[in-house]
Amino acid sequence: MLKHERLADWLEEIRSLCEPDSLVICNGSTEEYNQMMNLLLKSGAARKLNETKRPNSYLVRSDPADVARVESRTYICSESEGEAGPNNNWEDPETMKATLHGLFKGCMRGRVMYVIPFSMGPVGSPIAHIGVEITDSPYVVASMHIMTRVGEKVLENLGRDGEFVPCVHSVGIPLESEDEDSIWPCNPENLYVAHFPETKEIWSFGSGYGGNALLGKKCFALRIASAMAKEQGWLAEHMLILKLTNPEGTSRYIAGAFPSACGKTNLAMLIPTIPDWKVETVGDDICWMKFRPDGRLYAINPEAGFFGVAPGTGMESNPNAMRSLEKDCIFTNVAETDDGDVWWEGMGPAPAHLIDWKGNDWTPKSNEPAAHPNARFTVSAAQCPAIAEEWEELSGVPISAILFGGRRATVVPLVNEARDWVQGTFFGSIVSSEKTAAADGKIGELRRDPMAMLPFCGYNMADYWSHWINMGKKNKDFLPKIFYVNWFRKDGEGNFVWPGFGENSRVLKWIFDRIEGKASAIETPIGNLPSPNSIDLEGLNLSERDLDNLLKVEIDGWLEEIPLIRDYYSSYGNKVPKELENELNVLTEKLRRAKKVA
Ligand code: O2Y
Ligand code: MN
């Protein structure tokens, strides 16, 4: 019996709409997880991996038409189009509700309706929030067990009238009595991932994969949470959280926003190359931050697991991720080895024979990758050898620095410290990345991705910038410092100048020492750059020329960038906060003056 009347009424409403054969309230137990995996084994969607090589782990193959988040079918259904902004697909809430009700009517016939009470963040944390996902997919139930905190303790915390975000999900294929179920049921022609920021609801139809279906992640923890955060005065961000400890044993917590394909998970789990420095992981993707009574901004990782991209993850790029994956994992759309283990591009040498992500024979001569480029691992964060002991601290961890970064071959230096919060917000608003082969569009073309939130901000991006500016007006003395970093500068021959990976610890050290007031910087037209010799380069074979490339102020490059930023801002009409317009004017003026002097 459910104590929470509103929850009970809502379940009844959705049950009568979807018409499932039965209803199960999930308790989050290991037994329940095993039941879900057994259903997936029985249907043929999952295969058990070799118990000796990869204990208690599974390989799942999705339908080849259902392999990634679908931004073109993701909607923000706010009252007006202006509230959603040009950064989102908008639909009128009533129109969308009518479409969804048509699609959801009877969509769970022949299936079980699972009800997943889940907490984003440690149960009982003042920074955490609760959701309830209804789904007809055992894969979603099992994945939510790993990625969130599920079960009775959540219902207890919810009590009789606690707030929760209702999330409704269906794969969108009812099973009539004579039908045989597909191995991976999905309905890509009728796919909708719809968010209602005013009523704080999520409805998702037609996909069983990742961000479209595990509604706690991008849908709740970013799109809906960003709208809640604006109303309530906190921040819901697409950021990793790491703990950095110096040789003297002092620790600082750093959050960082990077667009996809910029190595966020690798940075969160980095192994420093500089002696006696330590990085530990608090989160790899999402960060919720609230001010606490001491005036500081505290963060939690609202997730309980990692849903990481497998291709490109290996012992060289991310040994801590690889060690996290030794057992108790769900792998989706990776390749299977002949001895019942997993393989993907970037893991190591390719075996002579594999079964690829679509279930076909594969050899190194095959023309297609063995694993899908968006193949994923799902694993509990607790299994990461680098997990910080306080990663589930109810009060969160105090954030001392925020990093923004993108993939830029030129213009943006290795590291640049903002003079204050407003300039830091400006840095975040102009983040851009050159498109990689995996993204749509021409390789090298710039895609603006402010604060790495472009696909995830649940309202107008310009209003989000205003919210950032307003957050900076609170507790001014305790705000984190903001830095813009870029590991991806290239030389004239197209080679990366900075070695990246563990060597990024040298930049983290400079940032740490700036927080402590120990490292020096020079004021430049674009921000505070490391003064000569203030970054620890010992043991790194970096020429003067390379260092100059990494830390120079490219006056002409920035001057060429100004009209691009102006154009981008003007796509938000007159909503851009005056503080950011002013930062752009000040930057332009400083660059012009510097050009005259040069
Ligand atoms: O394609 C998907 O469904 C997953 S997207 C994703 C997953 C984990 C972390 N980040 C992302 C992202 O797109 O930023
Ligand atoms: Mn992400």
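Which residues, taken from segment 49-66, are under 17 Å from A213 (Cβ atoms), open to solvent by less than 40 Å² (accessible area, probe 1.4 Å) and part of a loop (DSSP other than H, G, I, E, B)?
Initial filter on segment 49-66 (under 17 Å from A213 (Cβ atoms)): 58, 60-66.
Filter once more, keeping what is open to solvent by less than 40 Å² (accessible area, probe 1.4 Å): 58, 60, 62, 66.
If the condition is that a residue be under 17 Å from A213 (Cβ atoms), open to solvent by less than 40 Å² (accessible area, probe 1.4 Å) and part of a loop (DSSP other than H, G, I, E, B), then S62, D66 are the ones that fit.
Identify the residue in segment 260-274 that is in a loop (DSSP other than H, G, I, E, B), within 16 Å of ligand 1 (Cβ to nearest atom) and of a type in the set (A, V, I, L, M, F, W, C) and, among all such residues, is most open to solvent (accessible area, probe 1.4 Å).
The first filter runs over segment 260-274 and keeps only residues in a loop (DSSP other than H, G, I, E, B), leaving 260-263, 269-274.
In the following step, the residues that additionally are within 16 Å of ligand 1 (Cβ to nearest atom) were identified as 260-263, 269.
Remaining after also requiring of a type in the set (A, V, I, L, M, F, W, C): 261-262, 269.
On the way: A261: 58, C262: 7, M269: 4 Å².
Among them, the one singled out is A261.
Looking only at residues in segment 275-290 that are away from ligand 1 (no atom under 16 Å from the Cβ) and touching a strand residue (DSSP E or B) at 6+ places or on another chain (Cβ under 8 Å), which one is farthest from K230 (Cα to Cα)? Before you say what the answer is, go through the steps one by one.
First pass over segment 275-290, keeping only residues away from ligand 1 (no atom under 16 Å from the Cβ): 275-280, 289-290.
Checking the rest, the ones that are also touching a strand residue (DSSP E or B) at 6+ places or on another chain (Cβ under 8 Å) come to 277-280, 289-290.
Values: W277: 36, K278: 34, V279: 31, E280: 29, M289: 12, K290: 11 Å.
In this case the residue turns out to be W277.
For A257, state whether it is closer than 20 Å to E163 by Cα, within 15 Å of ligand 2 (Cβ to nearest atom) and either open to solvent by less than 20 Å² (accessible area, probe 1.4 Å) or not small (G, A, S) (or both). So that I can check it myself, show each step before the final result.
On the way: closer than 20 Å to E163 by Cα: no; within 15 Å of ligand 2 (Cβ to nearest atom): yes; either open to solvent by less than 20 Å² (accessible area, probe 1.4 Å) or not small (G, A, S) (or both): yes.
No, not satisfied.
Counting residues that are of a type in the set (G, A, S), which strands (runs of 3 or more DSSP E) fully inside segment 298-405 reach at least 3?
Numbers: elements: 305-309, 330-332, 335-337, 376-380, 397-405.
Once the strands (runs of 3 or more DSSP E) in segment 298-405 are filtered for at least 3 residues that are of a type in the set (G, A, S), what remains is 397-405.
Could you say whether any residue in segment 150-170 is free of Cβ contacts under 8 Å to residues at least 40 places away in the same chain, assigned to a loop (DSSP other than H, G, I, E, B) and over 20 Å from E91 (Cα atoms)?
Scanning segment 150-170 turns up at least one residue that is free of Cβ contacts under 8 Å to residues at least 40 places away in the same chain, assigned to a loop (DSSP other than H, G, I, E, B) and over 20 Å from E91 (Cα atoms).
List, please: which pairs have Cβ atoms under 6 Å, are six or more places apart or on different chains, and start with a residue in segment 303-324 that is within 11 Å of T265 (Cβ to Cβ) and within 11 Å of ligand 1 (Cβ to nearest atom) and end with one that is open to solvent by less than 10 Å² (accessible area, probe 1.4 Å) and part of a strand (DSSP E or B)?
Short answer, once both residue conditions are applied: F306/V379; F307/T378; G308/F377.
Restricting to segment 202-252, and then to whatever is touching a helix residue (DSSP H, G or I) at 6+ places or on another chain (Cβ under 8 Å) and among the basic types (K, R), can you tell me which residue is surrounded by the fewest Cβ atoms within 10 Å (Cβ to Cβ)?
Looking at the filtered set, the residue picked out is R252.
Tell me which residues, restricted to segment 292-312, are open to solvent by 20 Å² or more (accessible area, probe 1.4 Å) and out of contact with any strand residue (DSSP E or B) (no Cβ under 6 Å at 6 or more places or on another chain).
Those that are open to solvent by 20 Å² or more (accessible area, probe 1.4 Å) and out of contact with any strand residue (DSSP E or B) (no Cβ under 6 Å at 6 or more places or on another chain): P293, D294, V309, P311, G312.
Please indicate, with yes or no, whether at least one residue in segment 448-455 is surrounded by 15 or more Cβ atoms within 10 Å (Cβ to Cβ), of a type outside the set (S, T, N, Q), away from ligand 2 (no atom under 16 Å from the Cβ) and assigned to a loop (DSSP other than H, G, I, E, B). Can you show your working first?
Of the residues in segment 448-455, the ones surrounded by 15 or more Cβ atoms within 10 Å (Cβ to Cβ) are 448-455.
Pick out the ones that are also of a type outside the set (S, T, N, Q) and you get 448-455.
Restricting the remaining residues to those that are away from ligand 2 (no atom under 16 Å from the Cβ) gives 448.
If we keep only those that are assigned to a loop (DSSP other than H, G, I, E, B) too, we end up with none.
There is no residue in segment 448-455 that is surrounded by 15 or more Cβ atoms within 10 Å (Cβ to Cβ), of a type outside the set (S, T, N, Q), away from ligand 2 (no atom under 16 Å from the Cβ) and assigned to a loop (DSSP other than H, G, I, E, B).
In segment 274-283, is there at least one residue being within 13 Å of ligand 2 (Cβ to nearest atom) and modelled with pLDDT of 95 or more?
yes
Report the residue count in segment 179-227 for those that are away from ligand 2 (no atom under 16 Å from the Cβ) and not in a helix (DSSP H, G or I).
Restricting attention to segment 179-227, the residues satisfying the condition of being away from ligand 2 (no atom under 16 Å from the Cβ) are 179-192, 194-208, 227.
If we keep only those that are not in a helix (DSSP H, G or I) too, we end up with 179-187, 191-192, 194-208.
Final tally of qualifying residues: 26.
Taking only segment 406-429 into account, find how many residues are assigned to a loop (DSSP other than H, G, I, E, B) and at negative phi. First the steps, then the outcome.
Restricting attention to segment 406-429, the residues satisfying the condition of being assigned to a loop (DSSP other than H, G, I, E, B) are 406-414, 418-420.
Filter again for at negative phi, leaving 406-410, 412-414, 418-420.
The number of residues fulfilling the criteria is 11.
Looking at (1) in contact with an Asp or Glu (Cβ under 9 Å, 6 or more places away or on another chain); (2) free of Cβ contacts under 8 Å to residues at least 24 places away in the same chain, find the lone condition where V123 falls short.
Evaluating V123 over (1) in contact with an Asp or Glu (Cβ under 9 Å, 6 or more places away or on another chain); (2) free of Cβ contacts under 8 Å to residues at least 24 places away in the same chain leaves (2) as the failure.
Would you check if L551 is modelled with pLDDT of 95 or more, open to solvent by less than 20 Å² (accessible area, probe 1.4 Å) and under 23 Å from D420 (Cβ atoms)?
Numbers: modelled with pLDDT of 95 or more: yes; open to solvent by less than 20 Å² (accessible area, probe 1.4 Å): no; under 23 Å from D420 (Cβ atoms): yes.
Here the answer is no, as L551 does not meet what is asked.
Could you check M315 against (1) open to solvent by less than 40 Å² (accessible area, probe 1.4 Å); (2) in contact with a helix residue (DSSP H, G or I) (Cβ under 6 Å, 6 or more places away or on another chain) and say which number it fails?
(1)
Hey, among the residues in segment 96-132 that are in contact with a Lys or Arg (Cβ under 7 Å, 6 or more places away or on another chain) and β-branched (V, I, T), which one's surrounded by the fewest Cβ atoms within 10 Å (Cβ to Cβ)?
It comes out as V123.
Being in contact with a helix residue (DSSP H, G or I) (Cβ under 8 Å, 6 or more places away or on another chain), in contact (Cβ under 8 Å) with a residue 60 or more places away in the chain and outside any helix (DSSP H, G or I) is the requirement here; does R69 meet it?
For R69, the condition - in contact with a helix residue (DSSP H, G or I) (Cβ under 8 Å, 6 or more places away or on another chain), in contact (Cβ under 8 Å) with a residue 60 or more places away in the chain and outside any helix (DSSP H, G or I) - is met.
Among the listed residues Y75, Y33, identify the single one that is open to solvent by less than 50 Å² (accessible area, probe 1.4 Å), within 29 Å of the chain's Cα centre (by Cα), of a type in the set (F, W, Y) and under 28 Å from E392 (Cα atoms).
Working: Y75 fails: under 28 Å from E392 (Cα atoms).
None of the others qualify; the one that does is Y33.
Considering each residue of segment 160-178, count those that are modelled with pLDDT of 95 or more and open to solvent by 10 Å² or more (accessible area, probe 1.4 Å), and give that number.
Keep residues of segment 160-178 that are modelled with pLDDT of 95 or more, which gives 160-175.
Then keep just the ones that are open to solvent by 10 Å² or more (accessible area, probe 1.4 Å); that gives 160-164, 166, 173-175.
The total comes to 9.
Rundown of residues vs (1) under 19 Å from F118 (Cβ atoms); (2) assigned to a strand (DSSP E or B); (3) in contact (Cβ under 8 Å) with a residue 12 or more places away in the chain; (4) open to solvent by 20 Å² or more (accessible area, probe 1.4 Å), yes/no style:
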site	(1), (2), (3), (4)
K3	yes, no, yes, yes
R6	yes, no, yes, yes
D9	no, no, no, yes
I14	yes, no, yes, no
L39	no, no, yes, yes
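Mind listing whichever residues of segment 545-597 are basic (K, R) and in contact with a helix residue (DSSP H, G or I) (Cβ under 6 Å, 6 or more places away or on another chain)?
Quick first cut of segment 545-597, residues basic (K, R) only: 545, 552, 566, 575, 578, 590, 592-593, 595-596.
Of everything in segment 545-597, those that are basic (K, R) and in contact with a helix residue (DSSP H, G or I) (Cβ under 6 Å, 6 or more places away or on another chain) turn out to be K575, K595.
The values are calculated or read from the model by the stated rules, or taken from the named source; none is laboratory data. Please read these numbers as outputs of a predicted model, since none were measured by experiment. Quick reminder, even Gly has a Cβ in these numbers, built from the backbone with ideal geometry, and neighbours come from all protein chains shown. These area figures cover heavy atoms from the full protein model, side chains too; ligands, DNA and RNA do not enter into them. Shrake-Rupley method; radii C 1.70, N 1.55, O 1.52, S 1.80 Å.
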